[in-house]
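My questions all concern the structure below.
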Amino acid sequence: MCTENRKIVLVGTGLVGMSFAYALLNQHACDELVLIDINKQRAEGEAMDLNHGLAFSNTNMKIYAGTYEDCADADIVAICAGVAQKPGESRLDLLQRNTAVFKSIVEPVAASGFSGVFLIATNPVDIMSYITFKLSGFSKGHIVGTGTTLDTARLRYLIGDYFHVDPRNVHAYVMGEHGDSEFVPWSQAFVATKPVMELCQENHGENYEAGMIRISEEVKTAAYRIIEAKKATYYGIGMAMMRVSRAILGNENSVLTVSALLDGEYDCPNVYAGVPSIVSRQGVSRIITLSLSPEEQKQFRDSCAKLESVVSSLKI
Ligand code: NAD
């Protein structure tokens, strides 16, 4: 019998936070879920609402509105607090407004004695992960940003749809900033063990390469299009957070394109960026360095340089 109590504290019970919470409940991904929000009443209402669904679930998860003291024995503190992206607003523009929010959260979490993994979703997520790293004093692997996990899921879905293959048999990644400079290293995209580039060459008569360019663009602009249509994105990122949490709590060593702190990989500056990483109980335990083409290396370095220029202007 498993007696371990898997505990997650969620800070920010807005659309993203509660989509994550709902995914956790439906997939019984943890045993104890604590909700915190600057709007205490909102956190209490959300806890009540989720608890009323327990009778229809296959779990006896403990769900309640709490305080930062509840972080002491948590495995994960997930931060989704902040202000949502406005139509047309770049993710980097959100930075100023969200830095102050993080100061008010990370400091009391660290003061509680918390020693688990921070999971960050607030945008701009790569920068917010770096800010959490600096504010918390935790080791780099213990800060995990959602990075390009959602973008990668969108990519795998679109490639699968294009070649009529189950996305679970598509191995491809979106790398770099979760934002405008992210890119797809097509040299590292596979359907089963077949390179996508080779699949394109075999399919004479149809312009498959143009299709791949269209897919990259579609992935990159997906968030903007969803925001235009329904003001915010939340279900996909909630599911992505649940997947990363499962990898952490289950010590899975799964490869996910989370935002991790680069430390010499790809000759890039010291920034958090979306890279295929091994995710375990320790957070990011290792970054997998892909054999990128020279052009892809440049795209990755450019994306990281963009993040670094923001990071270097930060007053934390
Ligand atoms: P939301 O406005 O619905 O929720 C934000 C919540 O944060 C609110 O409940 C608010 O009360 C709370 N909050 C604000 N300041 C706080 C503080 N100091 N302490 C505690 N709680 C505080 O927004 P949302 O749609 O849930 O989006 C949340 C964040 O997630 C945004 O930054 C958004 O850009 C980001 N996001 C990230 C991804 C991704 O792929 N990483 C995808 C979608 C959205």
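To keep it simple, each residue is scored yes or no on (1) over 19 Å from the mean Cα position of the chain (by Cα); (2) more than 10 Å from the ligand (Cβ to nearest atom); (3) closer than 25 Å to SER115 by Cα.
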position	(1), (2), (3)
GLU4	yes, yes, yes
VAL9	no, yes, yes
PHE20	no, no, yes
LEU25	no, yes, yes
HIS28	yes, yes, yes
LYS40	yes, no, yes
GLU44	yes, yes, no
ASN51	yes, yes, no
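Right, here's the next one. Output the residues belonging to segment 95-118 that are within 16 Å of ILE143 (Cβ to Cβ) and more than 9 Å from the ligand (Cβ to nearest atom).
If the condition is that a residue be within 16 Å of ILE143 (Cβ to Cβ) and more than 9 Å from the ligand (Cβ to nearest atom), then THR99, VAL106, GLU107, VAL109, ALA110, PHE114, SER115, GLY116, VAL117, PHE118 are the ones that fit.
How many of the residues making up segment 53-74 are within 18 Å of VAL117 (Cα to Cα) and open to solvent by less than 30 Å² (accessible area, probe 1.4 Å)?
2
Of all residues in segment 279-296, which are within 26 Å of ASN253 (Cβ to Cβ) and part of a helix (DSSP H, G or I)?
Within segment 279-296, GLU296 is the sole residue that qualifies.
While we're here: Consider segment 113-134. How many of its residues are open to solvent by less than 30 Å² (accessible area, probe 1.4 Å), more than 29 Å from ILE227 (Cα to Cα) and not in a strand (DSSP E or B)?
Count: 2.
Would you call LYS315 part of a helix (DSSP H, G or I) and open to solvent by 50 Å² or more (accessible area, probe 1.4 Å)?
no
OK, next. Please work out which residue is nearest to VAL117 (Cα to Cα), limiting yourself to segment 143-164 and to residues that are free of Cβ contacts under 8 Å to residues at least 60 places away in the same chain and open to solvent by 40 Å² or more (accessible area, probe 1.4 Å).
Result: ARG156.
Spot the failing condition for GLU44; the list is (1) open to solvent by 40 Å² or more (accessible area, probe 1.4 Å); (2) farther than 22 Å from PRO108 by Cα, and only one is missed.
Only one criterion is unmet by GLU44, namely (2).
Follow-up. Just to be sure, is PHE102 hydrophobic (A, V, I, L, M, F, W, C) and not in a helix (DSSP H, G or I)?
Criteria not met by PHE102.
What is the one condition in (1) within 11 Å of the ligand (Cβ to nearest atom); (2) open to solvent by less than 50 Å² (accessible area, probe 1.4 Å); (3) at pLDDT below 95 that LEU92 does not satisfy?
(1)
Moving on to the next point. Name every residue in segment 65-82 that is in a strand (DSSP E or B) and either more than 16 Å from the ligand (Cβ to nearest atom) or touching a residue at least 60 places away in the same chain (Cβ under 8 Å) (or both), in order of residue number.
Those that are in a strand (DSSP E or B) and either more than 16 Å from the ligand (Cβ to nearest atom) or touching a residue at least 60 places away in the same chain (Cβ under 8 Å) (or both): ILE76, VAL77, ALA78, ILE79.
Kindly evaluate ILE227 against the criterion of being out of contact with any helix residue (DSSP H, G or I) (no Cβ under 9 Å at 6 or more places or on another chain), in contact (Cβ under 8 Å) with a residue 60 or more places away in the chain and not in a strand (DSSP E or B).
So ILE227 passes the test.
Report, by residue number, each residue of segment 245-298 that is buried (at least 24 other Cβ atoms within 10 Å of the Cβ) and among the aromatic types (Phe, Trp, Tyr).
TYR272, the sole residue that qualifies.
Separate question: Would you point out which residue out of LEU10, LEU35 is surrounded by 14 or more Cβ atoms within 10 Å (Cβ to Cβ), without any contact (Cβ under 8 Å) to a residue 60 or more places away in the chain and in a strand (DSSP E or B)?
That would be LEU35, the only listed residue that is surrounded by 14 or more Cβ atoms within 10 Å (Cβ to Cβ), without any contact (Cβ under 8 Å) to a residue 60 or more places away in the chain and in a strand (DSSP E or B).
Consider only pairs whose beta carbons are under 7 Å apart and that are at least six residues apart or on different chains; among these, list those whose first residue lies in segment 97-114 and is among the hydroxyl-bearing types (Ser, Thr, Tyr) and whose second residue is open to solvent by 70 Å² or more (accessible area, probe 1.4 Å) and modelled with pLDDT of 95 or more.
Within 7 Å, the pairs are SER112/GLU69.
Oh, and also: Of the conditions (1) touching a residue at least 12 places away in the same chain (Cβ under 8 Å); (2) under 13 Å from LEU158 (Cβ atoms); (3) open to solvent by 20 Å² or more (accessible area, probe 1.4 Å), ALA189 fails just one. Which one is it?
Only one criterion is unmet by ALA189, namely (3).
The values are calculated or read from the model by the stated rules, or taken from the named source; none is laboratory data. Every value quoted in this text rests on a predicted model; they were computed, and no experiment measured them. Note that each Cβ is placed from the backbone with ideal geometry, even for glycine, and that neighbours are counted across all protein chains shown. Surface areas here come from the heavy atoms of the whole protein model, side chains and all, with no ligands, DNA or RNA. Shrake-Rupley method; radii C 1.70, N 1.55, O 1.52, S 1.80 Å.
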